[in-house]
1. Considering only the stretch 5-15, how many residues are at pLDDT 95 or above and not β-branched (Val, Ile, Thr)?
2. I'd like to know if the stretch 85-107 contains one or more residues that are touching a Pro at 6+ places or on another chain (Cβ under 6 Å) and either surrounded by 15 or more Cβ atoms within 10 Å (Cβ to Cβ) or modelled with pLDDT of 90 or more (or both).
3. Among the residues of the stretch 45-56, which ones are of a type outside the set (Gly, Ala, Ser) and either part of a helix (DSSP H, G or I) or modelled with pLDDT of 95 or more (or both)?
4. Counting just the residues of the stretch 57-74 that are of a type in the set (A, V, I, L, M) and in a helix (DSSP H, G or I), which one comes out surrounded by the fewest Cβ atoms within 10 Å (Cβ to Cβ)?
5. Go through the stretch 34-57 and count every residue that is closer than 18 Å to ASP22 by Cβ and β-branched (Val, Ile, Thr).
Amino acid sequence: MEIFNHKDNYILLVEDEKDILDLFTEYLSSSGFNTISFQNPIEALNYFYQNQSNCFLVIADYKMPQISGLELIKKIREKDTDCKIKTIVISAFIKDNLPYDKSYFLKVDKILEKPVYLDRLKKVIQELISTIDIQQKPN
C-alpha cells in the first residue's frame, strides 16, 4: 500500500499552554511536518471546518478552557464520520479522570500522558502515518 505524503497535509495541534504549544510546533516543523497550531480550541475548530480536506492528524490537549480535547474531537468526528483523520489526546490527568469510555467511543487513536517526550510523540505520529494509505486520505 502506498503511503500518502504527509508533507502535503497538516497536523492540527491544539494546546492551551503556550510553552508546550511552541515546543511541539517547533519540533514537529523541524521534523518535516506541516503544523497548524492553536491555543484556543474554538479557533482550531473553526479552522478545521474550513480546511479539513488536508488535515490528517489532530493532536489535542485534554483539559483546555472552553471545550476539552475530547469535545473538540467529538465535533471533528461529526464531519469525519469515517474516522479517516487520526487523533491523539495529550493529558496530565490520565490516571485521575480521562474518560476512557468516551475516548473509545470517539475513536481516539492514541492517548499520551504528560510530560510527552518529543521523540515519543514523533514515533506515535509515524506509527499513525503508517496506517494511512492514499485511499484513506481525508477528502
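1. Final tally of qualifying residues: 3.
2. Within the stretch 85-107, one or more residues are touching a Pro at 6+ places or on another chain (Cβ under 6 Å) and either surrounded by 15 or more Cβ atoms within 10 Å (Cβ to Cβ) or modelled with pLDDT of 90 or more (or both).
3. Matches in the stretch 45-56: LEU45, ASN46, TYR47, PHE48, TYR49, GLN50, ASN51, GLN52, ASN54.
4. Per the criteria, the residue is LEU70.
5. The qualifying residues number 2.
Yes/no matrix, rows are residues, columns are (1) more than 22 Å from VAL124 (Cα to Cα); (2) in contact (Cβ under 8 Å) with a residue 24 or more places away in the chain; (3) not in a helix (DSSP H, G or I):
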residue	(1), (2), (3)
ASP22	no, no, no
THR25	no, no, no
GLU43	yes, no, no
ILE76	no, yes, no
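The values are calculated or read from the model by the stated rules, or taken from the named source; none is laboratory data. Everything numeric in this text was worked out from a predicted model, so none of it was measured. We place every Cβ from the backbone using ideal geometry, glycine too, and count neighbours over all the protein chains shown.
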